[in-house]
Amino acid sequence: MRDQPSSSKTYSRRFFIKSSSAFAALAVIPNSVKAFYNHIKEIFVPKKEILPLSLRINEKPYSLDVDSRTTLLDLLRENLQLTGTKKGCDHGQCGACTVHVNGERVLSCLTLAATLPESDVTTIEGLAKGDELHPMQEAFLEHDGFQCGYCTPGQIMSAVACVQEGRTTSVGEIKEFMSGNICRCGAYNGITNAIQSIAK
């Protein structure tokens, strides 16, 4: 008498019961992993804390309750609908989110809003005076300092700071100061020319 194929033995009743038990054990693992994750999260991730915050944005006073983890960029865009400041890399590498805080340029994606009580913030919306553009905005138009325009708000805010800080003695110095602002369209010559025209 020939032996039965091994495949018939593989799918026996005993094999089925053992397999079912193994799968039942595996089904429990995700809950254990989730519990472990939540435990680690409680230890290392700061808990949500709402803080009162008073500051001036574009010469207008604001009193807000903000999450202690909220960045200035998200506060401007999500809470106040000031969407002129752009979210590019969200890691402080592209400069699209540049604004001025107390007269100095900062990367708003890396700045916690809760660290700015009573500060004076200027965004791209605050440069123009009504229908009258800021000279730097006019210079960007005149010298074709933008193409797609996404990086332009951050470029203009840095360009204003460049002139205010007197970092315009040469093309090389301008480019060094502006190196933190990336233009993916490559409009760097127009940007440099715009800055030079205002510096003169």
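Only the coordinates and a few stated rules stand behind these numbers; no lab work does. Nothing here was measured: the structure is a model prediction, and the numbers come from that model. Glycine also receives a Cβ, built like all others from the backbone with ideal geometry; neighbour counts cover every protein chain displayed.
Some values worked out for this structure:
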| read-out | value |
| --- | --- |
| Whole-number D in µm²/s for the chain (Stokes-Einstein; Kirkwood sum over Cα pairs; 20 °C, 1.002 mPa s) | 104 µm²/s |
| Label-point gap, in nm, between A35 and S54 - each point 7 angstrom along Cα→Cβ | 4.8 nm |
| Protection proxy ranking of 125-134, 67-76 - average other beta-carbon atoms within 10 Å, highest first | 67-76, 125-134 |
| L80/L141 FRET efficiency (R0 25 Å; Cβ-Cβ; nearest 0.05) | 0.45 |
| Computed [θ] at 222 nm, deg cm²/dmol, the chain (DSSP H ≥ 4; -39,500 (n - 2.57); rounded to nearest 500) | -12000 deg cm²/dmol |
| Under 5 Å, built H, 5+ apart or other chain: amide partners of R105 | none |
| At least 15 Å along the helix axis (C-alpha) and Kyte average at least -0.5, DSSP helices within the chain | 13-44, 152-164, 188-199 |
| Taking T123, T83, T115 and counting other C-beta atoms within 10 Å, the order from fewest to most | T115, T83, T123 |
| Taking the chain and dividing mean pair separation by its residue count, relative contact order in percent (alpha carbons under 8 Å, at least six apart) | 18 percent |
| Under-5 Å amide H pairs with I57, H placed in peptide plane, nonlocal only | Y62, V121 |
| Likely footprinting exposure, I124, I191, I17, fewest C-beta neighbours within 10 Å first | I17, I124, I191 |
| Exposure proxy ranking, count of Cβ atoms within 10 Å, fewest first, for F177, F44 | F44, F177 |
